[in-house]
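Just below is one structure, and these are the notes that go with it.
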Amino acid sequence: MRSLAGAVWPDLTHRPLLVVPLGSVEQHGHHLPLATDTVVACAVAEAAVGELDDALLAPALAYGASGEHEGFPGTISLGTEALTGLLVEYGRSACRWASRVLLVNGHGGNHEALAAAGGVLRREGRDVAWFPCGVPGGDAHAGRTETSLMLHVEPEGVLGDQAVAGETRPIGELMPRLRREGVRPVSPTGVLGDPAGASAEEGKELLGALVEGLLAAVAGWDVDATGRLRPRALSR
């Protein structure tokens, strides 16, 4: 695996693809660490870089827009406006020497900033894209999906005996109130879903699917006006 942090500048004159994990520092219930989104984004990005020609893994951008979780201690949010500015300047700087920049995003609350920054950078002619680490049909936050991923990627960080369920209604039904009030009034545990039944085996499958989807999308490199890398049908 090739990393930006371990490189020296003469290694980078060939204009590589720079892959950048983007996460958050926010509560993930009683049982998952605050860095869960960053850990997952790093795992997906690192695995993808290992399969891509001429790709370089950047150090993670570990803070995001997490205002909906600020009712819980430990959460640190940059906010959408500041994150947008950070991503714009990051893209401008990295594109001076990288041929393309790909942000691998582990936190849904970052999407607005990614779309805004991606739009600016694409209009400026910079080949910047972003990819969301979303699991179709997965629960929204700190439930079975994320718990399984973490049991596979960083099991020592999972406090399984402290896991409790949260609000399990569909996220679409909850979203108006989440936007208005934040997570804590909706789910006092901080969980949107239920971690029961999570396993490392399921996490391995989920991670594999995320990496496979990312690799397929990179192969197609079909980017919309906001910089989002469109998914591509898998060969199997």
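The values are calculated or read from the model by the stated rules, or taken from the named source; none is laboratory data. Everything numeric here is computed off the predicted structure, so don't read it as measured data. Note that we place each Cβ from the backbone using ideal geometry, even for glycine, and neighbour counts take in every protein chain shown. Quick note on the areas: whole protein, heavy atoms, side chains included, nothing else; ligands and nucleic acids left out. Shrake-Rupley method; radii C 1.70, N 1.55, O 1.52, S 1.80 Å.
Brief remarks on what is shown
- Segment 145-159, residues that are surrounded by fewer than 13 Cβ atoms within 10 Å (Cβ to Cβ) and touching a helix residue (DSSP H, G or I) at 6+ places or on another chain (Cβ under 9 Å): Pro155
- Close pairs (6 angstrom Cβ cut-off, 6 or more residues apart or separate chains): on the phi > 0 side of the Ramachandran plot in segment 1-16, small (Gly, Ala, Ser) and open to solvent by 70 Å² or more (accessible area, probe 1.4 Å) anywhere: none
- Residue under evaluation Pro155, criteria (1) free of Cβ contacts under 8 Å to residues at least 60 places away in the same chain; (2) more than 15 Å from His31 (Cβ to Cβ), criterion not met: (2)
- Residue within segment 58-81 that is within 19 Å of the chain's Cα centre (by Cα), open to solvent by less than 60 Å² (accessible area, probe 1.4 Å) and closer than 15 Å to Thr226 by Cβ present: yes
- Within segment 217-228, residues that are at negative phi sit with their Cβ atoms under 6 Å from residues that are at pLDDT below 95 and not charged (D, E, K, R), at 6+ positions apart or across chains, in these pairs: Ala217/Pro231.
- Which listed residue, of Ala60, Ala55, is farther than 30 Å from Pro73 by Cβ and without any contact (Cβ under 8 Å) to a residue 60 or more places away in the chain: Ala55
- A count restricted to segment 28-57 and to residues that are farther than 28 Å from Gly6 by Cα and either of a type in the set (A, V, I, L, M, F, W, C) or open to solvent by less than 10 Å² (accessible area, probe 1.4 Å) (or both) stands at 3.
Per-residue answers, yes or no, for (1) in contact with a Leu (Cβ under 8 Å, 6 or more places away or on another chain); (2) at pLDDT 95 or above; (3) among the aromatic types (Phe, Trp, Tyr):
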position	(1), (2), (3)
Gly119	no, yes, no
Gly138	yes, no, no
Glu146	yes, yes, no
Ile171	yes, no, no
Leu174	yes, no, no
Leu210	no, yes, no
Ala217	yes, yes, no
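- Qualifying residue in segment 34-50 (condition: part of a strand (DSSP E or B), modelled with pLDDT of 95 or more and either farther than 30 Å from Ala140 by Cβ or not hydrophobic (A, V, I, L, M, F, W, C) (or both)): no
- A single member of Val153, Val158 is at negative phi and over 16 Å from the mean Cα position of the chain (by Cα), and it is Val158.
- Entry remark, segment 96-109: residues being open to solvent by less than 20 Å² (accessible area, probe 1.4 Å) and farther than 14 Å from Ser24 by Cβ number 3 in total.
- Segment 181-236: number of residues that are within 20 Å of Ile171 (Cβ to Cβ), open to solvent by 60 Å² or more (accessible area, probe 1.4 Å) and of a type in the set (A, V, I, L, M, F, W, C): 1
- Looking across segment 117-142, the residues that are in contact (Cβ under 8 Å) with a residue 40 or more places away in the chain and aliphatic (A, V, I, L, M) come down to Ala117, Leu121, Val128, Ala129, Val135, Ala140, Ala142.
- Single condition Ala142 does not satisfy, out of (1) open to solvent by 80 Å² or more (accessible area, probe 1.4 Å); (2) within 16 Å of the chain's Cα centre (by Cα): (1)
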